[in-house]
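The values are calculated or read from the model by the stated rules, or taken from the named source; none is laboratory data. No experiment lies behind these values; they were computed from the predicted model shown. Positions of Cβ are generated from backbone atoms using ideal geometry, with glycine treated the same way; all protein chains shown enter the neighbour counts.
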Amino acid sequence: MPIVYLIATPIGNLEDMTARAVRILNEVDVILCEDTRVTSKLLAAYHIQKPLESYHQHSTQAKTEAVLRMLVEGKNIAFVSDAGTPGISDPGGMLVEAVWDRFGDNVKIVPIPGANAAIAALSVSGFPTDHFRFLGFPPHKKGRKTFFASLADMPEALVFFESKYRIEKALAEIAASCGDRKMMVARELTKQFETLYRGTANECLASLQKDKVLGEFVVVIAPLRRQILRGATS
């Protein structure tokens, strides 16, 4: 039975690659990835030499069919995203759905867990996370105002991603909709300039603006119960 592996890769620090992930990448026939330039650097760091093909959100149906034919031929395939766990806000989910639809349980789908930016941020937030809602990336334009307004009505812990180009506007929107609800902003998790800002949206924004607004961001908003303020830190 052919196998499709969904392999988590580091979100910044290459040391976060698991031994199992390295072993599987050395064993599969083909590695699919979002960006061959990004994944080539990871494979080079671990001396992995395998055929590498791109598969991303703009891949055509013809590309998907080509991948499915590999499975018909009995090849084992690994899919990795640029960073973190595949299938979470990336094209891995599209690929897995196509495999399920075509083969059902005649192809084995195996998760190889590892780094995940949303879970990493939740773990250091200090907020109750027995229930949380993952919201991916906010809309860039259409629906963005509605997205942030709706946060006020969500009682559980919330976590989502935001880019350096929109993080300041996002915090201003959160302040407008959620008031003094506590939150945390994680910047550049696992990387050299990893920084955590904790407090209200306005406090986090003020702290962030004292630094260079660079890197990748994960936003965690505390649940409406048991809110604790420990101040924005960096």
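Just for segment 10-25: of the residues that are without any contact (Cβ under 8 Å) to a residue 40 or more places away in the chain and not small (Gly, Ala, Ser), which one is surrounded by the most Cβ atoms within 10 Å (Cβ to Cβ)? Break it down stepwise before answering.
Filtering segment 10-25 for residues without any contact (Cβ under 8 Å) to a residue 40 or more places away in the chain gives 14-15, 19, 22-23.
With not small (Gly, Ala, Ser) added as a condition, the list becomes 14-15, 22-23.
On the way: 14: 12, 15: 8, 22: 18, 23: 11.
The selected residue is 22.
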Restricting attention to segment 129-149, which residues are out of contact with any helix residue (DSSP H, G or I) (no Cβ under 8 Å at 6 or more places or on another chain), surrounded by fewer than 16 Cβ atoms within 10 Å (Cβ to Cβ) and not charged (D, E, K, R)? 131, 136, 137, 140, 143, 146
Restricting segment 166-197 to residues that are in contact (Cβ under 8 Å) with a residue 40 or more places away in the chain and β-branched (Val, Ile, Thr), the one nearest to residue 222 (Cα to Cα) turns out to be 174
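Please work out if residue 163 is outside the structural domain of residue 17 (by TED's automatic domain parsing), hydroxyl-bearing (Ser, Thr, Tyr), buried (at least 18 other Cβ atoms within 10 Å of the Cβ) and over 27 Å from residue 25 (Cα atoms).
So residue 163 fails the test.
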In segment 71-86, anything crowded, with 18+ Cβ neighbours inside 10 Å and either in contact with a Ser or Thr (Cβ under 7 Å, 6 or more places away or on another chain) or not aromatic (Phe, Trp, Tyr) (or both) is listed as 71, 76, 77, 78, 80, 81, 83, 84, 85, 86
Selection over segment 99-119 where residues are surrounded by fewer than 19 Cβ atoms within 10 Å (Cβ to Cβ), at pLDDT 95 or above and outside any loop (DSSP other than H, G, I, E, B) yields a count of 11
Failed item, numbered, when residue 40 is tested on (1) in contact with a helix residue (DSSP H, G or I) (Cβ under 8 Å, 6 or more places away or on another chain); (2) among the small types (Gly, Ala, Ser); (3) not in a strand (DSSP E or B): (1)
Can you say whether residue 78 is outside any helix (DSSP H, G or I) and touching a residue at least 12 places away in the same chain (Cβ under 8 Å), as far as the supplied structure shows? yes
